[in-house]
1. Residue check: is ASN99 without any contact (Cβ under 8 Å) to a residue 60 or more places away in the chain and in the same structural domain as TYR210 (by TED's automatic domain parsing)?
2. Within the bounds of segment 164-187, is there any residue that is assigned to a loop (DSSP other than H, G, I, E, B) and farther than 19 Å from ASP117 by Cβ?
3. Might you let me know whether segment 147-159 holds any residue that is within 18 Å of LEU89 (Cβ to Cβ) and in a helix (DSSP H, G or I)?
4. Could you tell me whether ILE197 is in the same structural domain as ALA111 (by TED's automatic domain parsing), at pLDDT below 95 and of a type in the set (A, V, I, L, M)?
5. How many residues are in a loop (DSSP other than H, G, I, E, B) and either loosely packed, with under 12 Cβ neighbours inside 10 Å or not small (Gly, Ala, Ser) (or both) if we restrict to segment 128-140?
6. Evaluate segment 155-163: report whether one residue or more is assigned by TED's automatic domain parsing to the domain that holds ARG192 and under 22 Å from GLN216 (Cα atoms).
7. Check ALA106, ALA88, ALA82 and return the single one that is without any contact (Cβ under 8 Å) to a residue 24 or more places away in the chain and not β-branched (Val, Ile, Thr).
8. Within segment 185-217, track down each residue that is charged (D, E, K, R) and without any contact (Cβ under 8 Å) to a residue 24 or more places away in the chain.
Amino acid sequence: MQTKIAFCSRFRGIKAGRYVWNCFRCKRRLRNWCELACLAVLATHLVLGTAESESTTLSANAVESVKQPVKPAVLEVPVDPATHAMRALLTRYQVPETNLQQLAEAIVSSATKYEMDPKLIASITIIESRGNPLAISGKAAVGVMQIHLPTWGPAANREGINLLKIEDNIDFGTRILRDYIRRFGVWNGVRRYNGFIRGDEASEQSADAYVAKVQQIYERG
């Protein structure tokens, strides 16, 4: 019996009986390769398209960030309630804005240091000078709390205190006031601060009027 030979582009000469089977296998493999190739092309397009889209988005965001100026961070400084209250009191009595914050901080600092009422110190400062650090009276008193030079000048010189400096003047004046209050009580201590001299009628009347003014500001607060 003569064997019939058929030719296949993949397997060359093969028996005719296997030719149909091999053709079927070749076509299926070819179809699979085509499908794989199509999938590979599709996947490549998807990857490249996604990368291009992300690149475009990033570029747009970068341009947008350049267009919009970066706002600097604002550091919020906490406000001390006592200092704020002193500022409000001083402002109410027309103390100039120039030294307002410095005065308020110095009053609170000295009041804390000597365990005094800051509102009382502020009230005396308002009556004495309206917060003017360069104020000089006809009785040789200087600074915001009008320190009497004939009485307290030598001590200020020994301690290196600058009575024209707000912080020094308020600190020294508060210390003097505290010592008077410890010895004579609050309002009699304020009288002594004003230069009260027992038995001197003019001095007593001046001290009483002074205390009344300080009390008025202190109580209205």
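1. no
2. Yes, because at least one residue in segment 164-187 is assigned to a loop (DSSP other than H, G, I, E, B) and farther than 19 Å from ASP117 by Cβ.
3. Looking through segment 147-159, none of the residues is within 18 Å of LEU89 (Cβ to Cβ) and in a helix (DSSP H, G or I).
4. Yes; evaluated as a whole, the condition is true for this residue.
5. The qualifying residues number 6.
6. No, the conditions are met nowhere in segment 155-163.
7. On inspection, the qualifying residue turns out to be ALA88.
8. Result: ARG191, ARG192, ARG198, ASP200, GLU201, GLU204, ASP208.
The values are calculated or read from the model by the stated rules, or taken from the named source; none is laboratory data. A quick note: this is a predicted structure, and the numbers were derived from the prediction, not measured. No Cβ is skipped: glycine too gets one built from the backbone with ideal geometry, and neighbour counts run over all protein chains shown.
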